[in-house]
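Worksheet: the structure to be examined is printed underneath.
The values are calculated or read from the model by the stated rules, or taken from the named source; none is laboratory data. In this text, all values refer to a predicted model and were calculated from it rather than measured experimentally. Here the Cβ positions follow ideal geometry from the backbone for every residue, glycine too, while neighbour counts run over all protein chains shown. Remember, those area values only see protein heavy atoms, side chains included, never the ligands or the DNA or RNA. Shrake-Rupley method; radii C 1.70, N 1.55, O 1.52, S 1.80 Å.
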Amino acid sequence: MAHSGRPSDVGAGDNVGGQQVIEVSPLLRTANASGLAHEDDSHKRSLDAGITLACITNAAIVCLAPLQYGYHIAELNTPRKIITSCDKDGAHWGMLPRCLPMNDTVYSLATSIFAVGGLVGSLLAGWMAEKWGRRGALIVNNVSFIVGPLLMALSVSPAMLIAGRFVSGIGSGTAVVVAPMYLSEIAPVKFRGTLNILNQLSIVIGILIALIVGMLANEGPYWRIAVFFGMLFACIHLAITGFAVESPRYLWSHNRRTEAQAVLCRLRKTANIEDEIKGWNDPTAVSAMNPRASTDSGSSSSNNSLLAAQTGGHRVASDNTIKPDDNEYHSARNTLQVDSVSVTIFNIFRFSQYRKQWLLILLLQFGQQLSGINTVFYYSSSVLEKMFSSYISSILTMMIGVLNVLATASGALIVDRFGRRPLLFSSMASMAVSVVLLGVGLGLKINSLAAVSLYLVVASFAPGYGPVPFLLGTELFDIRAAAAGGSWALAANWIGTFIVATAFLPLQNLIGEWVFSIFVVALIVCGITFYFHIPETKGRTIEEISQSFK
């Protein structure tokens with residue numbers, strides 16, 4: 001196969017014995033010391049593989065992108081007062097103004113414009129992921145994560161601060177589309193949920209870091225340091241993302257098949273990858289390759305697998321490209337409307353085989369925001385300050401962030417054991433009860449009940465309804481529609497965030513704490529809809545899941 005000529009995680013090699021060979025990225029080369037490829041592992045099928053060190057390392061690098069999104073979500077929460085007001089005698093800090101005086105309306109715009117940028121970024125993300133690859137899109141995306149914080153840190157007017165928030169929003173919107181897509185595409189089938197939830201875990205860790213930095217820098221002009229701090233993550237991410245591999249599924253779908261085989265061999269710690277790749281060739285053959293199918297071909301097929309993959313040289317023969325059976329191939333061509341048509345954000349809903357998934361992921365992400373989770377974070381400080389001092393309440397608010405991280409981590413540990421549906425429905429049910437308690441506590445002025453309910457809502461949301469919509473958004477579409485579907489999913493999330501943020505206070509002024517009943521009804525309606533229409537995806541290949549909708 002001719003090499004593309006552009007930078008990639010697997011570079012071109014030379015000819016050995018008449019076969020074209022390639023070399024994998026430096027990251028995978030150094031991983032050899034950890035035993036990521038041994039000859040005695042060559043019989044193990046990649047569909048039965050666990051999470052390898054190479055897989056975790058690449059995932060950790062990519063997860064710096066959603067971590068930045070989480071950081072930018074919360075970066076303006078704590079330092080609001082010191083940004084908008086300061087002593088006239090100390091109005092400047094060096095060449096920069098000490099603060100940026102603005103009223104609540106302008107500050108609200110500076111906060112909410114982030115969601116508008118996120119919407120733009122999410123719609124661009126699918127195009128970027130297809131044009132430059134998953135890894136390439138994340139590398140380019142760091143430009144937004146550098147320019148945005150720089151504008152905010154050096155802002156001399158509210159308009160400059162708002163511009164910086166908008167640019168950071170674009171980067172955030174792209175990050176939370178591409179990162180979970182990448183994680184699902186490099187993950188082994190049996191642990192796709194665990195690896196994908198690292199995306200949500202990174203987001204909540206970013207939020208927690210922002211709360212801690214904001215608390216430490218909540219004095220004088222140091223808010224500029226807090227917003228500048230976000231740029232450091234972008235610089236680190238930009239420096240190390242080149243060591244990550246490109247998604248093997250992306251490489252395969254763009255006819256860079258030798259590279260895809262090499263990367264997949266190293267990620268799975270085995271050379272026996274035929275079954276997994278066969279599903280990429282022909283979705284209709286997936287059921288025959290399910291890990292639960294006969295394993296008789298395991299040892300015999302390993303003899304014909306990519307035996308050119310070598311631990312020291314990391315070489316894969318290019319003529320071992322796996323092709324589907326002719327009959328299966330032609331059958332697939334007859335059933336696929338999009339065989340030769342690109343699927344984009346502008347036409348995905350026109351294809352009948354993607355329409356149901358498209359509607360489901362829109363409702364998953366929009367419904368997540370209708371659960372009222374963001375109002376919990378809005379209320380947390382005010383509720384706790386009624387019971388404790390300002391300092392204690394800030395610590396307790398930070399503890400909500402800690403709980404968010406721990407609960408999300410627990411979801412990552414159990415999602416591939418119990419499945420997506422049990423985790424999603426138990427989360428939504430317990431969240432509905434917790435939101436009722438929060439509304440009652442606030443309505444009847446029972447501060448202790450309201451305070452406990454804050455923690456209950458977060459503990460209910462974080463392991464299930466928080467990460468599962470992101471996970472399902474990457475599992476319900478095959479490789480053709482993954483980028484477009486991911487863009488629409490996060491666009492729905494950003495639109496939901498904006499609508500809830502805009503409508504909540506007016507509705508609260510109109511109907512009081514009964515506004516929380518809207519969130520409860522939304523949880524019930526969405527839960528019933530998901531129960532009847534969302535399949536269990538645990539342990540199934542993405543192609544098999546996609547086929548179930550056709």
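Brief remarks on what is shown
- Residue identified as open to solvent by less than 10 Å² (accessible area, probe 1.4 Å) and within 25 Å of His254 (Cβ to Cβ) among Gly136, Gly118, Gly126: Gly126
- In the set Asn374, Asn404, only one residue is within 24 Å of Phe530 (Cβ to Cβ), of a type outside the set (Val, Ile, Thr), surrounded by fewer than 23 Cβ atoms within 10 Å (Cβ to Cβ) and within 23 Å of the chain's Cα centre (by Cα); that residue is Asn374.
- Residue match in the stretch 104-115 (condition: closer than 30 Å to Arg256 by Cβ, in a helix (DSSP H, G or I), open to solvent by 10 Å² or more (accessible area, probe 1.4 Å) and touching a helix residue (DSSP H, G or I) at 6+ places or on another chain (Cβ under 8 Å)): no
- Qualifying residue in the stretch 514-533 (condition: farther than 21 Å from Leu423 by Cα and in contact with a helix residue (DSSP H, G or I) (Cβ under 6 Å, 6 or more places away or on another chain)): yes
- None of Leu490, Leu523 is out of contact with any Leu (no Cβ under 7 Å at 6 or more places or on another chain), farther than 23 Å from Val177 by Cα, in a helix (DSSP H, G or I) and aliphatic (A, V, I, L, M) except Leu523.
- Between Ala491, Ala503, Ala484, the distinction of being within 21 Å of Leu119 (Cβ to Cβ) and either without any contact (Cβ under 8 Å) to a residue 40 or more places away in the chain or of a type in the set (D, E, K, R) (or both) belongs to Ala503 only.
- Residue in the stretch 53-76 that is at pLDDT 75 or above, of a type outside the set (A, V, I, L, M) and in a loop (DSSP other than H, G, I, E, B) present: yes
- Test result for Met152, of a type outside the set (Lys, Arg), open to solvent by less than 10 Å² (accessible area, probe 1.4 Å) and under 24 Å from Asp104 (Cβ atoms): yes
- Residues of the stretch 198-229 that are open to solvent by 40 Å² or more (accessible area, probe 1.4 Å) and not acidic (Asp, Glu): Leu198, Ile205, Ile209, Ile212, Met215, Leu216, Asn218, Tyr222, Ile225, Phe228, Phe229.
- Check on Tyr465, open to solvent by less than 10 Å² (accessible area, probe 1.4 Å) and under 28 Å from Val436 (Cβ atoms): yes
- Residues located in the stretch 430-450, provided they are over 21 Å from Ser382 (Cα atoms) and open to solvent by 60 Å² or more (accessible area, probe 1.4 Å): Val433
- In the set (1) touching a helix residue (DSSP H, G or I) at 6+ places or on another chain (Cβ under 8 Å); (2) open to solvent by 10 Å² or more (accessible area, probe 1.4 Å), Val178 fails one condition alone, (2).
- Checking Leu183, Leu195, Leu232, Leu238 one by one, the residue that is open to solvent by 10 Å² or more (accessible area, probe 1.4 Å), touching a residue at least 24 places away in the same chain (Cβ under 8 Å) and in a helix (DSSP H, G or I) is Leu238 and no other.
- Residues that are over 20 Å from the mean Cα position of the chain (by Cα) and either open to solvent by 20 Å² or more (accessible area, probe 1.4 Å) or of a type outside the set (A, V, I, L, M) (or both) are absent from the stretch 243-251.
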